[in-house]
Amino acid sequence: MEKKKKLIGCYDYTVILTYIGLSISVIGMTQAIDGRFRTAILCLALSGLCDMFDGKIARSKKNRTEEEKLFGMQIDSLCDVICFGAYPAMICFLLGVRGLAGWFLICFYCICSVIRLGYFNVLETKRQQVEDGANKYYHGLPITSMAIVLPLIFMLQVFISNAAFIVVLHVSLFVVGLLFIVDFRLKKPNNMVLIFLVLIVAVAVVIVILFSNFRIPKMQFPDTGLLDCLRGIIGK
């Protein structure tokens, strides 16, 4: 008799890094809203680092059930929508991608992100029915690439004018979004290439942290926490 679960979903080590990456991105969103873009870019890079290795960790478990495999694939894509779809788009909006052109590009980027991930899930589900292991090629640019592209672009802000920087943000949203849905085969990087990419992003993040002073006026939100609200209720 199959043991009944008390909670839906999976909570073992095969998905924990995915959950950590999502949590880092959510924290990064709060930092971006508060105008702390250096921290937000760092969170995006860390989230990308988590995504880079979560699949390898998941595949290290040899006795995964089909349900666990499918859940892992779905939860990874759902988290990617937030971490590398909505999150970078929100950062770009806060940095100055505004107006009709900005709204169009942000929507275009997010739609392309969802299309790419949905298409990946369909292909991967079919592939896993006939073979095991990781796929050796991407179809189109992987969505995680924005965790590399945006820190590098934000680093440019140190060297170019703010106006030029915002133009580059507009262009990057269009180009990266388009590459998400263009069907070309891209060989997955080996460990040496991954290490190189991590080092490149690390250098960009360090430059951003040390030299960037890009800020927007802090948005005005109620500066009260849960305990303050509870005290107010009890006080009444």
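The values are calculated or read from the model by the stated rules, or taken from the named source; none is laboratory data. These numbers come from a predicted model, not from an experiment. Note: ideal-geometry Cβ built from the backbone for every residue, glycine included; neighbour counts use all protein chains shown.
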Hey, among the residues in segment 79-111 that are touching a His at 6+ places or on another chain (Cβ under 8 Å) and farther than 17 Å from Pro151 by Cα, which one's modelled with the highest pLDDT?
Leu105
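Could you run through segment 36-56 and say how many residues are touching a helix residue (DSSP H, G or I) at 6+ places or on another chain (Cβ under 8 Å) and either of a type in the set (Phe, Trp, Tyr) or surrounded by fewer than 16 Cβ atoms within 10 Å (Cβ to Cβ) (or both)?
Total meeting the criteria: 2.
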How many of the residues in segment 117-132 are touching a strand residue (DSSP E or B) at 6+ places or on another chain (Cβ under 8 Å) and either modelled with pLDDT of 95 or more or outside any helix (DSSP H, G or I) (or both)?
0
Selected residue (only one of Val114, Val15 is touching a Gly at 6+ places or on another chain (Cβ under 8 Å) and modelled with pLDDT under 90):
Val15
Has segment 66-86 got at least one residue that is of a type in the set (Ser, Thr, Tyr) and over 22 Å from Gly118 (Cβ atoms)?
no
